[in-house]
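Take a look at the structure set out below.
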Amino acid sequence: MQIVVDANPVVSILISPGRPINLFFVEELDIIAPELLFREIERNKDDILRKSGLGEDEMRRFLDILKGRIRVIPEKEFIGCREKAVSICPDEKDVAYFALALHVRCPLWSNEKKLKEQKDVAVFSTHELIALFDFAQERT
């Protein structure tokens, strides 16, 4: 299953990994994102470091692992879907994520409830994906 990941699940996992980190290692998930994803994470770096208790080097290593699992798609590849994304996206800061999801015809992984207020792109929360891949009952 191909899925576009929004910044908020990644930031949440950086702050408090827990079981949701397992989603990044589910072989059936082909996780993609626009270039914007890592710019958003960088913009929120200070908050992430403060809330997570991670050191900067630890965060970099963690991000490097995630970058190995998230395939970044240049915006020029899905720019043709931007206009439709603008018309359906409930939050203007998420237009690039919607445009990419429309381009590849796949769902979006986001914990923002507001993004479910449209019918063109399926939106899965972290908890819905955990249930879908049925590893929530695994013991740590």
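Each value in this text was obtained by applying a stated rule to the coordinates, not by laboratory testing. Being a predicted model, the structure only gives us computed values, none of them experimental. Positions of Cβ are backbone-derived with ideal geometry, glycine not excepted, and every protein chain shown enters the neighbour counts.
In whole percent, what relative contact order does the chain give with Cα contacts below 8 Å and a gap of six or more residues? Intermediate results must be reported in sequence, preceding the final value.
Working: 177 pairs, mean separation 41.9, N = 140.
It rounds to 30 percent for the chain.
Calculate, in nm to one decimal, what R19 and R69 gain on full extension: separation in residues at 0.36 nm each, minus their alpha carbon distance.
Values: separation 50, 0.36 × 50 = 18.00 nm, distance 1.63 nm.
Full extension of this stretch gives 16.4 nm more.
From the helices alone, meaning DSSP H stretches of at least four residues, give me the mean residue ellipticity at 222 nm for the chain, per-run term -39500 (n - 2.57), in deg cm²/dmol to the nearest 500. Provide the component values of the computation, followed by the final result.
On the way: 7 runs with 64 residues, N = 140.
Calculated from helices alone, the mean residue ellipticity at 222 nm is -13000 deg cm²/dmol.
Long-range amide H contacts for V123: which residues qualify at under 5 Å (H placed 1.01 Å from N, peptide plane, sequence gap of 5 or more or a different chain)?
Hits under the 5 Å cutoff: L108.
What dipole magnitude, in Debye to the nearest 20, does the chain give about its Cα centre under +1 on Lys/Arg Cβ and -1 on Asp/Glu Cβ?
On the way: 21 positive and 25 negative charges, 17 e Å.
It works out to roughly 80 debye.
By the scheme Lys and Arg +1, Asp and Glu -1, what is the net charge of all other residues having a beta-carbon under 11 Å from that of N44? Before the final figure, lay out each step's value.
Numbers: positive: R39, R43, K45, R50, K51; negative: E40, E42, D46, D47.
Within the 11 Å Cβ shell, the charges total +1.
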